Amino acid sequence: PASLVYYALQCAYLFEDNRVEFLERFEQLLRDYVGAAPSATPLAIDILTLAGQGDLYGALRTARKLREHEEERMGAMLRSI
């Protein structure tokens, strides 16, 4: 799921003609991610703030941390099994 968030944001960065569509998809995917992993809320706020300011490159750099968050959460879940 974090990779999907990153991909939608990357598409918004790359494809200016469809930026609004990709940003809407990105925001929905990010909301879904935070709904499943509330511990990502501070990170999601940072990403949304950067994207809202038009700094899509900065948002992409920060979104990489979301993928790290996902790996950590999945690792913790697997270790608890």
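Checking each residue in region 61-81 for being outside any helix (DSSP H, G or I) and either in contact (Cβ under 8 Å) with a residue 12 or more places away in the chain or within 13 Å of LEU23 (Cβ to Cβ) (or both) picks out no residue at all. Restricting attention to region 38-60 and to residues that are under 11 Å from the mean Cα position of the chain (by Cα) and either modelled with pLDDT under 95 or open to solvent by less than 70 Å² (accessible area, probe 1.4 Å) (or both), the residue that is nearest to ASN18 (Cα to Cα) turns out to be ALA51.
The set of residues from region 1-37 being closer than 24 Å to GLY75 by Cβ, in a helix (DSSP H, G or I) and open to solvent by 80 Å² or more (accessible area, probe 1.4 Å) comprises LEU4, TYR7, ARG31, ASP32, ALA36.
The values are calculated or read from the model by the stated rules, or taken from the named source; none is laboratory data. All of these numbers come straight from a predicted model, not from anything done at the bench. Cβ: placed from backbone, ideal geometry, glycine included. Neighbour counts: every protein chain shown. For accessibility, only protein heavy atoms count, side chains too; no ligands or nucleic acids. Shrake-Rupley method; radii C 1.70, N 1.55, O 1.52, S 1.80 Å.
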